[in-house]
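Structure provided below as structure tokens; questions to follow.
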Amino acid sequence: MKTDPLATPVLFIDDELAMRVSVTQWLQLAGFAAQGFETPQPALDLLSPDFPGVLITDVRMPRMDGMAVLERALERDADLPVILVTGHGDVTLAVEAMRRGAYDFIEKPFEPDHLVTILRRAAEKRRLVLENRGLRRRAAGGGIETRLIGTSPGIAELRRDLLDLAATSASVLIHGETGTGKELVARCLHDFSARGEKGAFVAVNCGAIPDSMAESELFGHEPGAFTGATQRRAGKLEHSSGGTLFLDEIESMPMAIQVKLLRALQERTIERLGSNKQVPVDLRLVAATKIDLLDLSEEGRFRADLYYRLNVAELHIPPLRARAEDIPLLFDYFAADFAARHGREPRPLEPADLDALLAHDWPGNVRELRNLAERHVLSVGRSGVAGLLRRRTLGGEATTPPRALADQVDAFEKRVIEQALERCKGDIKSVMDLLDIPRRTLNEKMARHGLDRARFLPRG
């Protein structure tokens, strides 16, 4: 049976063939793009934060019951409408399911029209949720591009994934080498979420807290809890309630504190040091690491249960050497910023400077590049970027091999076209005149370098 391609998708899970076939056919006749599933997993595999439909599941099923289906579905998207189909004796269970986030429940036997009525309300709610998310993403689009700078595929994917996750309340684990900008990514998750307007962003570097102070720093303390504790102090978890707690270098957290953190995340309450009183907290946890926590847990140096609690969603920040086309753009951005701060005129890059930037392997990532840009702005000699980089290598010689000529030419060509698009505010005819190339050639080069004209148009 053909259905309208724009119809709301409905996934119906029931292990009874007759029920599954009859309900699915009725929903298709009612205008929904309904699919029936005997077992939950194939339906769950279709769910994502962008899924535009509704999930219906029977409660009593072998292997995975409706309550487990509900929990797993809401892990994928807390706003997804899930409707439970219950037997007469399951009403109490269904009410509990609604408390846990189900949209509604319907008791067997039911009138098909009653289910259709509920579905239409749920579909409208889903449409509004996705529409609001889309508006928020579009409103934030320009903002995040000025925060996470770059046009490489890796950074573009990071921006997309970040905005999708920002619309949820899921815990996020950020992976990235030192200097890639893990705290900046965490702060963007907060700023582009609903929590950005009502709560604080609280950052904690776990590696910088002495073990003896970790519990007090994170959970707070009461007067007299230890020598020197003269007054009550709220910890970082309590302070971030309503907002986002960012734990950098989570791998450095002492095992004893890991246990207490896991319990706080599960119970959504904390106890200050020296107190037996439970304090409720409502926070989103974002953690960051530069090493594989799963490897650490297998070695017994990180709790596996905490790892799985943290790793609901992941973001991977590419190292700077993997996004070479972003290096000139980032350098120009940092150099212009520092020139304004220090009251200096921006110094243009020479061809040898660009070669040096692209040849370097950037072990310190964006942090190292930013530092170099400031030194370039403040330097009084004429050695340029190439000279500054040579001074940082052994014996004045470069320690990393130069990049292939083709790679350097590609990166330079992309930057020239970007600068022309910026200067011409996205006007293709003006870019053609400025670069003296035909439209077809410009279009081919923009497509090859992943350049979108819309990014350079004036925002009004």
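Could you check GLU157 against (1) open to solvent by 30 Å² or more (accessible area, probe 1.4 Å); (2) modelled with pLDDT under 90 and say which number it fails?
(2)
So ILE174 fits all but one of (1) open to solvent by 30 Å² or more (accessible area, probe 1.4 Å); (2) modelled with pLDDT of 85 or more; (3) of a type outside the set (Phe, Trp, Tyr); what number is the exception?
Going through (1) open to solvent by 30 Å² or more (accessible area, probe 1.4 Å); (2) modelled with pLDDT of 85 or more; (3) of a type outside the set (Phe, Trp, Tyr) one by one, ILE174 breaks only (1).
Any chance you could count how many residues in the stretch 419-460 are open to solvent by 100 Å² or more (accessible area, probe 1.4 Å) and assigned to a loop (DSSP other than H, G, I, E, B)?
The number of residues fulfilling the criteria is 4.
Which pairs have Cβ atoms under 7 Å, sit 6 or more apart or on different chains, and link a residue in the stretch 442-456 that is free of Cβ contacts under 8 Å to residues at least 60 places away in the same chain to one that is open to solvent by 70 Å² or more (accessible area, probe 1.4 Å) and of a type in the set (Asp, Glu)?
PHE456/GLU422
So which residues in the stretch 321-371 are open to solvent by 20 Å² or more (accessible area, probe 1.4 Å) and on the phi > 0 side of the Ramachandran plot, if there are any at all?
GLY343
Please verify whether the stretch 130-141 includes one or more residues that are at pLDDT 85 or above, open to solvent by less than 30 Å² (accessible area, probe 1.4 Å), within 30 Å of ASP191 (Cα to Cα) and of a type outside the set (Val, Ile, Thr).
No: the stretch 130-141 contains no residue that is at pLDDT 85 or above, open to solvent by less than 30 Å² (accessible area, probe 1.4 Å), within 30 Å of ASP191 (Cα to Cα) and of a type outside the set (Val, Ile, Thr).
Additional query: Can you give me the number of residues within the stretch 94-118 that are modelled with pLDDT of 75 or more, over 23 Å from GLY31 (Cα atoms), open to solvent by less than 60 Å² (accessible area, probe 1.4 Å) and part of a helix (DSSP H, G or I)?
Qualifying residue count for the region: 2.
Another question, then. Find all pairs meeting these conditions: Cβ atoms under 7 angstrom apart; at least six residues apart or on different chains; first residue within the stretch 411-423 and free of Cβ contacts under 8 Å to residues at least 60 places away in the same chain and at negative phi; second residue buried (at least 21 other Cβ atoms within 10 Å of the Cβ) and of a type outside the set (Phe, Trp, Tyr).
From the stretch 411-423, the pairs are ALA420/VAL431; LEU421/VAL431.
I'd like the residue in the stretch 200-243 that is open to solvent by less than 20 Å² (accessible area, probe 1.4 Å) and closer than 20 Å to LEU173 by Cα and, out of all such residues, is farthest from the chain's Cα centre (by Cα).
LEU218
Before we move on, is ARG121 under 21 Å from TRP26 (Cβ atoms) and of a type in the set (Lys, Arg)?
Against the criterion (under 21 Å from TRP26 (Cβ atoms) and of a type in the set (Lys, Arg)), ARG121 qualifies.
Okay, next question. Considering each residue of the stretch 296-314, count those that are surrounded by 15 or more Cβ atoms within 10 Å (Cβ to Cβ) and free of Cβ contacts under 8 Å to residues at least 60 places away in the same chain, and give that number.
Within the stretch 296-314, residues that are surrounded by 15 or more Cβ atoms within 10 Å (Cβ to Cβ) and free of Cβ contacts under 8 Å to residues at least 60 places away in the same chain number 6.
I would also like to ask the following. Scan the stretch 2-31 for residues that are among the polar types (S, T, N, Q), open to solvent by 40 Å² or more (accessible area, probe 1.4 Å) and modelled with pLDDT of 90 or more and jot them down.
Within the stretch 2-31, SER22, GLN25, GLN28 qualify.
The values are calculated or read from the model by the stated rules, or taken from the named source; none is laboratory data. It should be emphasised that the depicted structure is a prediction, and the values quoted were computed from it without experimental measurement. Virtual Cβ from ideal backbone geometry, glycine too; neighbours counted across all protein chains shown. In case anyone asks, the SASA skips ligands and DNA or RNA and just uses the protein heavy atoms, side chains included. Shrake-Rupley method; radii C 1.70, N 1.55, O 1.52, S 1.80 Å.
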